[in-house]
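A quick write-up on the structure given underneath.
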Amino acid sequence: MADEKDNLELADMDNEAAQVPENAENGQSDDQEMEKPPTNAKELEAVYDIPVQVSAVLGKSNMQVSQLLKLGRGAVVELDRKVGEAIDIYVNNRLVARGEVVVVEDRLGVTMTEIIKMDRS
């Protein structure tokens, strides 16, 4: 799992997004940059229509196939999480956040409480 220093609260993300890029302060032009990360929503428009798979994992359990085949209607499978513990949110099988289960009208939903910042190395 990621270290605590790699975890980024949602409020911190807004502060980081508001920071001025380094090249704006030192006078570099766009031609001098290798790859400039997007700094606003307009620059991200090209990726808005790309579909991604989002999964919210309540917990996990390991069992043998013989145990799995014995499960029937009403069976309870014990998960590795406690009630109230944060769930993991994956985008394209990559852990990106943690959150809590919420009820929206008559459906289940997830609210993100913590963004997981991963190194791209």
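Values as computed for the structure displayed
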| read-out | value |
| --- | --- |
| Unique match (being exposed (fewer than 10 other Cβ atoms within 10 Å of the Cβ) and part of a strand (DSSP E or B)) among 96, 76, 103, 110 | 103 |
| Qualifying residue in segment 58-67 (condition: in contact with a strand residue (DSSP E or B) (Cβ under 7 Å, 6 or more places away or on another chain), surrounded by 11 or more Cβ atoms within 10 Å (Cβ to Cβ) and at pLDDT below 95) | yes |
| Flag if residue 85 is of a type in the set (D, E, K, R), surrounded by 10 or more Cβ atoms within 10 Å (Cβ to Cβ) and not in a loop (DSSP other than H, G, I, E, B) | no |
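The values are calculated or read from the model by the stated rules, or taken from the named source; none is laboratory data. Treat the numbers as computed from the prediction; the structure is a model and nothing was measured. As a convention, Cβ positions derive from the backbone with ideal geometry for all residues, glycine included, and neighbour counts pool all protein chains shown.
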